[in-house]
1. Search region 59-89 for residues being among the small types (Gly, Ala, Ser) and within 20 Å of the chain's Cα centre (by Cα), and hand back the single one that is nearest to Arg47 (Cα to Cα).
2. Taking region 21-67 as the search range and keeping residues that are in a helix (DSSP H, G or I) and basic (Lys, Arg), which one is modelled with the lowest pLDDT?
Amino acid sequence: MPVSPAPDIRVAGTRLYLTGAGGRGLIYLQGGRFTEPIDELSAAAERVMEGDLEVEITVREGEEFEGLKRVFRDMVDSIKRMIERSMEG
């Protein structure tokens with residue numbers, strides 16, 4: 001007659017499985033937090049490279065890439081001003 005695993009072993013296995021699944025889910029959800037701003041900046045950089053200086057970058061206070069997004073936005077504004085000045089004179 002086969003011996004079935006003790007109930008506490010099955011419970012421990014279920015808990016381990018659920019913990020692993022929860023961890024993978026958390027990593028998946030947090031992954032967007034990092035990749036979304038990078039994807040946004042990458043798309044904006046491509047538009048600028050194609051000559052579109054009307055690109056807008058949304059900067060949210062306290063977000064992970066706030067500084068980088070501000071610098072990118074300021075850089076585009078600076079390019080616009082340089083072009084305007086060169087066309088004036």
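The values are calculated or read from the model by the stated rules, or taken from the named source; none is laboratory data. Everything numeric here is computed off the predicted structure, so don't read it as measured data.
1. Ranking the qualifying residues of region 59-89, first place goes to Gly67.
2. Arg24
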